[in-house]
Amino acid sequence: MKNILRISVFVLCAICFVGCKSKEEKAAELIKNELSKSLYDFDSYKPIETKVTVAKANLFNDTTCWNLGATLGYGMQQVVESRERMDDAKDHMAIWGAPSYYSSSYSDNQYYKYRSQYLEALSEATAGILVCQKIAEEIKDTLANIDTTLVIGWEVFHDFRCKTRGGSPEIGHYRYIISKDFKSIILCEDREGTDDKRTREALETITTDYWDNMDSEE
């Protein structure tokens, strides 16, 4: 009977201990478990700071918007690269000059070669913009149906130290959207990561007039 009583007391104490954990402790524990699956050198992981605030539904916290934003960001990057090829081709066209009575067949061929490259890049940029505009409209439609007063969980900013694959020390700066019960991660953003920075920048264009009258040669 005494053993049963001791076990019951122990279980109750454990439940109370878990229940008394702060929001920061609960979030840090969930994040630590998640990072154990992805960090190259998890043994070097050392948390620095964890900040927790209420997360409401919005453009940056909705998984559908975020995933579409990632696709939009990639598309925007492709358009930028196409424009860079256009500029490079135009520069070469200017160097060789348009064919004339006095130009050589070699210079004419060079001009037409770069003109072809320019037109190809222009076509890619134009098509890319059309695709990006469609994605942007899809994000806008999704955003229009989001209740921005709705609390969806917790927004957590978590900074930590770890080592890279090469053994160099670095500091991670992550943002998480976590469920209300602190049991699951809804969204993760690497605030220093190239891909996530591109996604955020793409989403920031949604509430502006960025996509109005977009020109492939801008």
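Residues considered: D190, D181. Of these, the only one that is loosely packed, with under 11 Cβ neighbours inside 10 Å and either under 30 Å from Y45 (Cα atoms) or of a type in the set (S, T, N, Q) (or both) is D181. Among residues of segment 71-96 that are within 20 Å of R198 (Cα to Cα) and without any contact (Cβ under 8 Å) to a residue 12 or more places away in the chain, those with a Cβ under 9 angstrom from a residue that is of a type outside the set (F, W, Y) and open to solvent by 70 Å² or more (accessible area, probe 1.4 Å), sequence gap 6+ or separate chain, pair up as E81/E124. Of all residues in segment 126-136, count the ones that are touching a residue at least 12 places away in the same chain (Cβ under 8 Å) and within 17 Å of T71 (Cβ to Cβ). Residues flagged as touching a residue at least 12 places away in the same chain (Cβ under 8 Å) and within 17 Å of T71 (Cβ to Cβ) within segment 126-136 amount to 7. More than 11 Å from the chain's Cα centre (by Cα) and exposed (fewer than 14 other Cβ atoms within 10 Å of the Cβ): does that describe E155? In short, no. Looking only at segment 102-121, decide whether some residue is among the aromatic types (F, W, Y) and under 29 Å from R175 (Cβ atoms). Checked segment 102-121: no residue is among the aromatic types (F, W, Y) and under 29 Å from R175 (Cβ atoms). Count of segment 69-106 residues, restricted to those that are more than 30 Å from L203 (Cα to Cα), in a helix (DSSP H, G or I) and either touching a Lys or Arg at 6+ places or on another chain (Cβ under 6 Å) or not charged (D, E, K, R) (or both), is 8.
Of all residues in segment 173-208, those satisfying the criterion of being more than 14 Å from the chain's Cα centre (by Cα) and either assigned to a helix (DSSP H, G or I) or more than 21 Å from L30 (Cα to Cα) (or both) are I206, T207, T208. Comparison of D41, D91 shows that the only residue that is open to solvent by less than 60 Å² (accessible area, probe 1.4 Å) and not small (G, A, S) is D41.
Being free of Cβ contacts under 8 Å to residues at least 60 places away in the same chain and within 24 Å of T208 (Cβ to Cβ) is the requirement here; does L119 meet it? For L119, the condition - free of Cβ contacts under 8 Å to residues at least 60 places away in the same chain and within 24 Å of T208 (Cβ to Cβ) - is not met.
The values are calculated or read from the model by the stated rules, or taken from the named source; none is laboratory data. Treat the numbers as computed from the prediction; the structure is a model and nothing was measured. Heads up, the Cβs are rebuilt from the backbone with ideal geometry, glycines too, and the neighbour counts pull from every protein chain shown. These area figures cover heavy atoms from the full protein model, side chains too; ligands, DNA and RNA do not enter into them. Shrake-Rupley method; radii C 1.70, N 1.55, O 1.52, S 1.80 Å.
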